[in-house]
Amino acid sequence: MSNRPTLKSCYDAHVVDEHHVLLLARNGTELLTGRAYASVIPLLDGTRSVDELLDLLAHRVPAAEIFFVLARLENMGFIRTAPPATTPAVAAFLETLGTDADVGARRLRGAHVPIHSLDPSAPRELLISALSSLDIHAWPANDAVALTQERGLPVILVDDYLNPGLEAYNRGFLARQTPFVLAKLHGPSAWLGPVFRPGHTGCWQCLAARLRQNRVIETYLERLHQRPLPRPYPQATVPPVAAAAAHLLATEIVKWLALDGNCALDGSLISLDFTTLTTERHALVRRPQCIACGGGESWRARAPVPLRPRSQPKAFTQDGGYRACAPEVTLARHAHQVSPITGVIATLHAASFADPSIAPVYISGQNTAMMSDSLSLLRTNFRGQCSGKGKTDTQAKASALCEAIERHSGVFQGDEIRVRHSYRELGGRAIHPNTAMCFSDSQYATREAWNAKQLKMNHVVPAPFDENATLEWCPLWSLTEETFKYLPASYCYYGYPEPARSMPCLADSNGCAAGNCIEEAILQGFMELVERDSVSLWWYNRVRRPRVDLDSFDEPYFAELRTYYRSLGRELWVLDLTTDLGIPAFAAISANTHAHPQAITLGFGAHLSPRLGILRAITEANQFLPLVLERDRAPDKARPNEDEVDAWLRDATLDAHDYLVPAADLPPVRAADHPTEHRGDLRDDVEACVRMAARHGLETLVLDQTRPDIGMHVVKVVVPGLRHFWRRLGPGRLYDVPVKLGWLQRPRLEHELNPVSIFF
């Protein structure tokens with residue numbers, strides 16, 4: 001116990017009455033009850049020893065109670081040794097941080113903070129002055145080599161966090177295991193931190209990788225001009241902004257030093273928007289594949305690992321699919337990946353217009369899967385952001401987050417496992433890409449003229465595949481044959497660096513899925529393949545399918561959503577598109593049936609559970625609602641960048657597309673028509689799907705696209721022969737299965753297929 005106990009400087013004591021004392025502090029209030037507290041606390045000013053307190057209070061409080069009160073106050077952190085080794089104000093601040101004032105002050109006096117500037121306009125002297133006022137040894141460090149030799153907390157001030165000079169500093173600090181802090185102190189948005197701690201946080205290279213990914217426009221311009229952009233950008237700043245940022249940085253440095261490496265900047269970047277007086281925290285994500293602090297070279301040289309499903313019990317089956325955990329858990333686990341600065345997801349927000357209580361839709365960041373050197377495709381990217389669906393707000397938000405991570409993980413980064421061979425050299429291990437893409441000979445023959453008319457990449461026809469050409473291939477694990485097979489890297493990853501005109505295949509998201517475990521991701525990806533195969537067979541053949549009796553399902557949301565649609569002047573119905581595969585597949589369709597334009601919207605879904613398949617279809621249709629309602633509220637608004645979606649919403653009618661209307665001669669499909677086999681484990685469902693595909697002569701392949709710095713499992717499931725719902729008109733299931741199922745009397749000819757392509 002302290003010899004001269006003193007109430008800590010951060011507390012202000014108020015005796016309410018002879019039995020109650022209130023201790024007021026910036027971070028809370030404590031009520032202490034008991035006559036002993038009311039007698040002892042007013043005397044704790046550091047001028048009296050314990051013996052003197054006993055003598056003063058002998059006539060009022062028993063000695064045992066005084067000892068009890070002092071011991072309890074010390075255990076609760078309310079008293080300390082007197083006097084503090086610094087000013088009362090500094091002591092109060094340090095104690096508010098949760099550290100002992102003497103310990104904190106000693107750490108500050110012993111600290112060394114060299115400050116180097118790569119920004120000639122940075123307020124370095126102001127920062128030095130602020131730190132020196134607290135007895136911190138801060139000085140201007142102009143010797144770059146000496147800076148990395150320091151053992152204190154070096155500070156580097158920059159005008160841009162991608163300043164190329166930072167690479168050498170980062171390398172030096174990593175070599176000596178020295179922490180350092182980075183800051184940009186001027187401009188309308190100042191950046192403070194992070195504090196990089198080798199072995200504990202990511203390094204500057206980890207941060208730089210994320211910064212580059214989020215500078216979409218700058219990257220486009222640098223590729224266009226084939227040179228780096230001049231930096232710094234024009235700065236909009238005034239002296240008070242830089243001064244405020246410098247003092248805030250000084251405060252965080254003080255906290256880091258006093259708390260022995262614990263402050264808001266430890267592994268985090270804080271952005272301060274001085275135009276709105278708002279702050280945001282951006283997590284510095286440590287990248288295991290980092291070339292500087294991770295296993296960059298060993299990661300690139302790794303061997304492929306077989307993807308054998310393991311037991312994974314289902315924990316959530318109410319919405320969106322079968323999941324290993326609830327959407328709340330998914331969001332909490334990956335929320336730090338949302339940041340326009342350090343995240344793989346720039347933003348995550350609710351879409352406007354639609355009622356979020358009944359038709360929640362979330363938008364997530366920029367779709368990096370669509371990055372391109374083309375200005376038109378860049379413009380498309382900013383309209384083609386990822387979105388999420390669900391019957392609840394939480395599920396829709398988690399869905400948008402997962403889709404953004406899925407798309408990001410599928411972007412080529414250069415460290416993917418690849419081998420370099422020709423198709424013929426690989427022999428039976430190679431999958432011919434057109435067995436997965438399914439383009440027709442006539443599509444290849446007319447590709448130049450066709451491609452020139454395309455506004456999006458969806459329906460672009462790639463160059464014919466040269467079986468003798470040497471190119472890079474990626475390994476996919478065959479769940480059917482339990483061996484590795486290979487597909488071209490340009491088929492497996494978006495943005496593969498190959499000239500578009502000569503590229504034999506183009507990556508797309510068909511069969512790509514993110515999950516909380518690998519089994520969940522594989523199942524989701526497989527369901528998407530089944531969904532799109534079913535849609536393709538129905539859409540391009542324009543066959544009439546039966547209505548689904550939604551009332552036969554035990555799902556109140558179906559009725560609630562139809563009521564909401566009617567309040568908007570729209571009808572909603574669902575068609576059964578289930579094919580020979582036997583997995584329930586559906587199309588949800590909505591239209592304004594009483595006015596023009598009808599603004600027909602679509603949504604598709606397939607799942608082992610028919611209820612979940614329908615939910616996926618109708619919640620996907622919900623994703624169109626914000627666009628439809630925005631058009632309804634501003635029908636005359638000019639749309640200079642109109643695309644296929646806009647044209648469809650404006651022009652399509654049910655009369656012209658009668659295959660969207662339920663077949664009057666077919667009975668409605670009820671829940672009992674789709675009995676569900678309940679399994680408790682995701683592995684069992686995956687294995688059942690693989691067996692089902694094999695019965696139809698189809699092989700199931702899986703590419704692991706999981707990125708180690710994200711942690712969410714991402715796969716691309718490929719089943720050669722199943723059809724994409726984009727315009728790919730080669731022979732196979734598109735022509736054979738509708739006849740096999742009795743949907744058509746004879747296969748359609750290619751020129752008889754639907755001239756309107758699926759537009760999303």
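The values are calculated or read from the model by the stated rules, or taken from the named source; none is laboratory data. Bear in mind that the values here come from a model prediction, so they are computed numbers and not experimental data. All Cβ positions, glycine included, derive from the backbone under ideal geometry; neighbour counts span all protein chains shown.
Before moving on, here are some points about what is shown:
- Enumerated helices (runs of 4 or more DSSP H) restricted to region 588-661, each holding at least 2 residues that are farther than 18 Å from LEU577 by Cα: 625-633, 644-651
- Region 408-464 - residue that is in contact (Cβ under 8 Å) with a residue 60 or more places away in the chain and among the β-branched types (Val, Ile, Thr) and, of those, surrounded by the most Cβ atoms within 10 Å (Cβ to Cβ): ILE431
- Among the residues of region 58-89, those identified as buried (at least 18 other Cβ atoms within 10 Å of the Cβ), at pLDDT 85 or above and either touching a Cys at 6+ places or on another chain (Cβ under 6 Å) or more than 13 Å from THR6 (Cβ to Cβ) (or both) are VAL61, ILE66, VAL69.
- Considering region 566-586, and only residues there that are part of a strand (DSSP E or B), touching a residue at least 60 places away in the same chain (Cβ under 8 Å) and among the hydrophobic types (A, V, I, L, M, F, W, C), the residue that is surrounded by the fewest Cβ atoms within 10 Å (Cβ to Cβ) turns out to be TRP573.
- Residues in region 2-30 that are loosely packed, with under 12 Cβ neighbours inside 10 Å and closer than 18 Å to GLY46 by Cβ: ASN3 only.
- Region 173-194, subset more than 30 Å from THR278 (Cβ to Cβ) and surrounded by fewer than 18 Cβ atoms within 10 Å (Cβ to Cβ), residue farthest from the chain's Cα centre (by Cα): ARG176
- If you go through region 184-193 and keep only what is under 17 Å from GLY261 (Cβ atoms) and among the hydrophobic types (A, V, I, L, M, F, W, C), you end up with just LEU192.
- Exactly one residue among ARG106, ARG80 is in a strand (DSSP E or B) and either among the charged types (D, E, K, R) or over 21 Å from ALA246 (Cβ atoms) (or both), and that residue is ARG80.
- Pairs where the first residue, in region 474-491, is in contact (Cβ under 8 Å) with a residue 12 or more places away in the chain and the second is in a strand (DSSP E or B) and of a type in the set (Gly, Ala, Ser), C-beta under 8 Å, 6+ apart: PHE484/SER478; LYS485/ALA430; LYS485/SER478; TYR486/ALA430; LEU487/ALA430
- Out of ASP655, ASP643, ASP651, one residue alone is of a type outside the set (A, V, I, L, M, F, W, C) and without any contact (Cβ under 8 Å) to a residue 24 or more places away in the chain. It is ASP655.
This table checks each residue for (1) assigned to a loop (DSSP other than H, G, I, E, B); (2) touching a strand residue (DSSP E or B) at 6+ places or on another chain (Cβ under 6 Å); (3) modelled with pLDDT of 80 or more.
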{"site": "ASP119", "(1), (2), (3)": "yes, yes, yes"}
{"site": "ILE128", "(1), (2), (3)": "no, yes, yes"}
{"site": "ALA146", "(1), (2), (3)": "no, no, no"}
{"site": "ASP159", "(1), (2), (3)": "yes, no, yes"}
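- If you check ARG429, ARG501 for being among the basic types (Lys, Arg) and at pLDDT below 95, only one passes: ARG501.
- Looking only at region 322-349, and only at residues there that are small (Gly, Ala, Ser) and assigned to a helix (DSSP H, G or I), the one that is farthest from the chain's Cα centre (by Cα): ALA332
- Selection count where residues are under 25 Å from HIS674 (Cα atoms) and of a type in the set (Phe, Trp, Tyr), scope region 554-572: 2
- Hits in region 694-727 - residues which are over 27 Å from the mean Cα position of the chain (by Cα) and surrounded by fewer than 21 Cβ atoms within 10 Å (Cβ to Cβ): ALA694, ARG695, HIS696, GLY697, LEU698, GLU699, PRO720, GLY721
- Helices (runs of 4 or more DSSP H) lying entirely in region 180-276 (those with 2 or more residues that are more than 30 Å from THR86 (Cα to Cα) and modelled with pLDDT under 85): 216-225
- Residues in region 82-107 that are in contact with a helix residue (DSSP H, G or I) (Cβ under 6 Å, 6 or more places away or on another chain) and either farther than 13 Å from CYS263 by Cβ or free of Cβ contacts under 8 Å to residues at least 12 places away in the same chain (or both): PRO84, ALA85, THR86, ALA91, GLU95, ALA101.
- Check on GLU531, under 28 Å from the mean Cα position of the chain (by Cα) and not aromatic (Phe, Trp, Tyr): yes
- Options VAL411, VAL419: the member that is of a type in the set (Val, Ile, Thr), over 15 Å from the mean Cα position of the chain (by Cα) and either on the phi < 0 side of the Ramachandran plot or not assigned by TED's automatic domain parsing to the domain that holds ASN516 (or both): VAL419
- Looking only at region 663-677, and only at residues there that are in contact with a Pro (Cβ under 8 Å, 6 or more places away or on another chain) and not in a loop (DSSP other than H, G, I, E, B), the one that is farthest from VAL543 (Cα to Cα): ALA671
- On inspection, ARG286 fails the criterion of being at pLDDT below 95, charged (D, E, K, R) and in the same structural domain as ALA190 (by TED's automatic domain parsing).
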